[in-house]
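The values are calculated or read from the model by the stated rules, or taken from the named source; none is laboratory data. Being a predicted model, the structure only gives us computed values, none of them experimental. Cβ coordinates were reconstructed from backbone atoms using ideal geometry, including for glycine residues, and neighbour counts include every protein chain displayed.
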Amino acid sequence: MIGIICAMQLEADGILALAENKKYETINGMRFCRCEIRKKEVVAVVCGVGKVNAAVCAATLINVYKPQIVINSGVAGALSPIVSVGDIVIGTKAVEHDMNTTALGDRQGEVSMPDGKIMYFDCDARASKLLNKVSMQLEDTKTAMGVIASGDIFISDRRKRLLINDRFGAIACEMEGAAIGHACRCCSVPFGIIRAISDDLNENKGVDFVKFCAMAAEKTVRVLDGFIEKYCFIVPSN
């Protein structure tokens, strides 16, 4: 089973338009849809904005539906001039840029886990490679792979964006991906992130995000459709 966590209802609607045998269930205030796409079993859900919503959603999805992989999809703001509005970013790692216990001697972004401290949550390499391959088939769209930074704040200030880029090597920022990666690591489930760039370093006001949602959803839904079709599950050895 493939779990898909969307940041936008518009995007989830696009995914579900491809689906058959849909069955809905509301858990922890979130509406999960178990369905079939491209003859693959899929669960799709909208998590809501922010890291806590995203983490609760991911943990619920994993505990209830037992997916083999979780993919997070949505929009993001550019942190680097290498990507601009309409481009696709595939995560290789995710970091919580607003996690800050530096007063205790930690590095910014470092998270204290039961087994030690960690800064970056690694995306599944096989899934990221396939997401990138499918994204590169989109017309008039540039695809980049790199670190995605997440935090509970919409960052519009260019200087703050460049600071996150410099500090973490991140090329895009959003508000959910690293929290989903955090939950997936705790549950030992691989994850991937795909984001469409809604606003670049020069055009980065909230209104750009709103205007871009429909275009972003169309692009990411096409990539997810191709990903689902081509993704092959690895059968664990006994």
Show the residue pairs meeting these rules: Cβ distance below 6 Å; 6+ apart or different chains; first residue within the stretch 123-149 and closer than 16 Å to Ala172 by Cα; second residue among the hydroxyl-bearing types (Ser, Thr, Tyr) and part of a helix (DSSP H, G or I). Thr143/Ser135
Any residue in the stretch 45-56 that is in a strand (DSSP E or B), charged (D, E, K, R), at pLDDT 95 or above and more than 25 Å from Met136 (Cβ to Cβ)? no
Could you tell me whether the stretch 154-169 includes any residue that is touching a helix residue (DSSP H, G or I) at 6+ places or on another chain (Cβ under 6 Å) and at pLDDT below 95? yes
Between Gly109, Gly151, Gly116, Gly105, which is surrounded by 18 or more Cβ atoms within 10 Å (Cβ to Cβ), farther than 27 Å from Thr220 by Cα and not basic (Lys, Arg)? Gly109
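Under the condition of being assigned to a helix (DSSP H, G or I) and touching a helix residue (DSSP H, G or I) at 6+ places or on another chain (Cβ under 6 Å), which residue from the stretch 172-181 is surrounded by the fewest Cβ atoms within 10 Å (Cβ to Cβ)?
Looking at residues that are assigned to a helix (DSSP H, G or I) and touching a helix residue (DSSP H, G or I) at 6+ places or on another chain (Cβ under 6 Å), I get Ala179.
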Could you look through the stretch 77-99, keep only residues that are in contact with a helix residue (DSSP H, G or I) (Cβ under 8 Å, 6 or more places away or on another chain) and part of a loop (DSSP other than H, G, I, E, B), and pick out the one that is nearest to Met119 (Cα to Cα)? His97
Cβ pairs under 7 Å, 6+ apart, first in the stretch 74-88 and touching a residue at least 60 places away in the same chain (Cβ under 8 Å) and under 20 Å from Leu224 (Cβ atoms), second in a strand (DSSP E or B) and among the basic types (Lys, Arg): Gly74/Arg195; Val75/Arg195; Ala76/Arg195
So Gly169 fits all but one of (1) within 13 Å of Gly109 (Cα to Cα); (2) buried (at least 21 other Cβ atoms within 10 Å of the Cβ); what number is the exception? (2)
Going through (1) farther than 28 Å from Tyr65 by Cβ; (2) in contact (Cβ under 8 Å) with a residue 40 or more places away in the chain; (3) not in a helix (DSSP H, G or I) one by one, Ile193 fails only at (1)
